[in-house]
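Structure first, then comments.
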């Protein structure tokens, strides 16, 4: 029988995986694969407020047209004249200093390597994109959950250390400002809800032992 701690750890990993997917271009598959229902199921094991936010985001996705969401996605994250909420750690921590921006990006890549991961060749964006960072965080949470299930205490300690350091050194340092920019620039409620959900989840993980 899987104990409650392992189930909780697995739910955190599953939620993070689904959250990362929400930062790809929105499509009909989000509804067809019941992404938001699955997120809510995982979130119910983590935090009531998180679960409620998942339901609100799902409702917002269903209420709008896909065309509106795609336009908003482009404005927020891809606009060639300047995205309203650049989804990159280096933008938020590097500011207008090109050298610092490069240093920040390299620090993300270095962390990936230290944790035993690398950005997949199929990922067509920068390694400090919010989706890439959430996918790395998912991998760390999954590794931690697996170690808890197999009672591998050494692996669990290593995974926990990587998870804590990644929030403290990376995700937790820029997601708040990024989420605020998404909320400020979004025309659709869906992306405002996504920003809220991301900020809440990272804050919960930052406060976790």
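Every read-out reported here was derived from the displayed coordinates using simple, explicitly stated rules and does not represent laboratory data. Everything quoted here is computed from the prediction, not taken from an experiment. Cβ atoms come from the backbone with ideal geometry, glycine included; neighbour counts cover every protein chain shown.
Counting the residues of the stretch 87-113 that are part of a loop (DSSP other than H, G, I, E, B), touching a residue at least 60 places away in the same chain (Cβ under 8 Å) and surrounded by fewer than 19 Cβ atoms within 10 Å (Cβ to Cβ) gives 0. So for the stretch 143-163 (the condition being without any contact (Cβ under 8 Å) to a residue 40 or more places away in the chain and within 29 Å of residue 74 (Cα to Cα)), does at least one residue qualify? Looking for residues that are without any contact (Cβ under 8 Å) to a residue 40 or more places away in the chain and within 29 Å of residue 74 (Cα to Cα), one finds none in the stretch 143-163, hence no. Quick check on this structure: which one of 118, 133 is more than 22 Å from residue 51 (Cβ to Cβ) and either free of Cβ contacts under 8 Å to residues at least 24 places away in the same chain or in contact with a strand residue (DSSP E or B) (Cβ under 7 Å, 6 or more places away or on another chain) (or both)? The match here is 118.
Of all residues in the stretch 168-194, which are buried (at least 20 other Cβ atoms within 10 Å of the Cβ), over 15 Å from the mean Cα position of the chain (by Cα) and assigned to a helix (DSSP H, G or I)? Across the stretch 168-194, the qualifying residue is only 190.
Yes or no, residue by residue, for (1) touching a helix residue (DSSP H, G or I) at 6+ places or on another chain (Cβ under 7 Å); (2) free of Cβ contacts under 8 Å to residues at least 24 places away in the same chain:
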{"residue": "39", "(1), (2)": "yes, no"}
{"residue": "42", "(1), (2)": "yes, no"}
{"residue": "47", "(1), (2)": "yes, no"}
{"residue": "59", "(1), (2)": "no, yes"}
{"residue": "64", "(1), (2)": "yes, no"}
{"residue": "68", "(1), (2)": "no, no"}
{"residue": "71", "(1), (2)": "no, no"}
{"residue": "78", "(1), (2)": "no, yes"}
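The set of residues in the stretch 8-36 being in a helix (DSSP H, G or I) and more than 17 Å from the chain's Cα centre (by Cα) consists of 8, 29, 31, 32. Somewhere in the stretch 127-142, is a residue under 16 Å from residue 9 (Cβ atoms), surrounded by 16 or more Cβ atoms within 10 Å (Cβ to Cβ) and more than 13 Å from the chain's Cα centre (by Cα)? Looking through the stretch 127-142, at least one residue is under 16 Å from residue 9 (Cβ atoms), surrounded by 16 or more Cβ atoms within 10 Å (Cβ to Cβ) and more than 13 Å from the chain's Cα centre (by Cα).
When residue 82 is tested against (1) free of Cβ contacts under 8 Å to residues at least 12 places away in the same chain; (2) assigned to a helix (DSSP H, G or I); (3) under 21 Å from residue 187 (Cα atoms), only condition (2) is not met.
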